[in-house]
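The values are calculated or read from the model by the stated rules, or taken from the named source; none is laboratory data. Predicted model only: the values in this text are computed from it and were never measured. We place every Cβ from the backbone using ideal geometry, glycine too, and count neighbours over all the protein chains shown. Quick note on the areas: whole protein, heavy atoms, side chains included, nothing else; ligands and nucleic acids left out. Shrake-Rupley method; radii C 1.70, N 1.55, O 1.52, S 1.80 Å.
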Amino acid sequence: MLRIIFLLSLLFALSNAYVQDFCVANLKRAETPAGYPCIRPIHVKAKDFVFSLGTPGNTTNIISAAVTPGFSAQFPGLNGLGLSTARLDLAPKGVIPMHTHPGASEVLFVLDGYITAGFVSSANSVYVQTLKPGQVMVFPQGLLHFQINAGKSAAAAFVTFSSASPGLQILDFALFANSLPTELISATTFLDPALVKKLKGVLGGTG
């Protein structure tokens, strides 16, 4: 009988557990799989819930693109909410190569310019659309997708992820920016070994 009373009391306590409105990240503490520890509510300020993505990123690189993150480490008010955000900048001919976010779906809102974006379903169906300012496109969790500047001027977009840790794997880098042997890549992708070596040279891979 005592065991039953104890279990019922525990269930009642759990069902009435205090749920915090928010958990602003304490960036002085180490991040855990569940996020950052919370700072005390009395120390929370309105500015903790505000973050600027107004400054374009540096697109002087091999892909002529930049991603400015707004994750918990940069935007403490997002901690514990299961969300993250970022700014995407694409110079003319800029591209975010085919990639995937294993842990989140993505919503992209075009701010400036024209962006051709698309994704490939698990059934290998392709969904591609050229987006103009004000348009939004969603990329389902885990599916390969990309963004390309479709105009002659710079393009910019905001993205939001359905997870604090969406993860990222860029297909080109996964294949050609590491030490995976050329012969294995050639055998599994049907690419000519000479082309594989060329791409490894471009992206800094070995093997």
0 to 90° range, to nearest 10: angle between helix 2-15 axis and the chain longest Cα axis: 60 degrees
Estimated dipole of the chain in Debye, rounded to 20 [Cβ of Lys and Arg +1, of Asp and Glu -1, Cα centre]: 340 debye
Phe158 accessible area, 1.4 Å probe, all protein chains in place, Å² to nearest 10: 60 Å²
Under the Karplus curve 6.51 cos²θ - 1.76 cosθ + 1.60, θ = phi - 60°, whole-Hz ³J(HN,Hα) for the stretch 31-43, x wherever Gly or Pro sits: 6, 10, x, 8, x, 8, x, 7, 7, 5, x, 5, 9
Count of lysine pairs in the chain with Cα separation under 25 Å (8 or more residues apart, or interchain): 8
Separation in nanometres of the label points that stand 7 Å from Cα toward Cβ, at Ala73 and Leu184: 2.8 nm
Ranked order, Arg29, Arg87 - accessible area, probe 1.4 Å, largest first: Arg29, Arg87
Accessible-area order (highest first, 1.4 angstrom probe) of the listed residues Ser165, Ser121: Ser165, Ser121
Heavy atoms of Phe49 accessible to a 1.4 Å probe, total area in Å² rounded to 10: 90 Å²
Rounded accessible area of Lys45 (nearest 10 Å², 1.4 Å probe): 110 Å²
Amide H contacts of Leu144 (H built 1.01 Å from N, under 5 Å, at least 5 apart or other chain): Val120
Carbon and sulfur %, accessible surface of the chain computed with the full protein complex present, 1.4 Å: 63 percent
For the chain: accessible area per residue (Å², 1.4 Å): 61 Å²
Backbone HN-Hα couplings from phi across the stretch 85-93 [Karplus 6.51/-1.76/1.60, Hz, Gly and Pro as x]: 9, 6, 10, 10, 10, 10, 6, x, 6
Degrees separating the helix 193-203 axis from the principal Cα axis of the chain, which is the longest one: 60 degrees
The stretch 48-108 shape via C-alpha gyration tensor axes, a/c threshold 1.5: oblate
Cα gyration tensor category, rounded, prolate or oblate, for the stretch 26-76 with a/c compared to 1.5: oblate
Paramagnetic reach from Val138 in the stretch 108-127 [backbone N under 13 Å; point 7 Å along Cα→Cβ]: 108
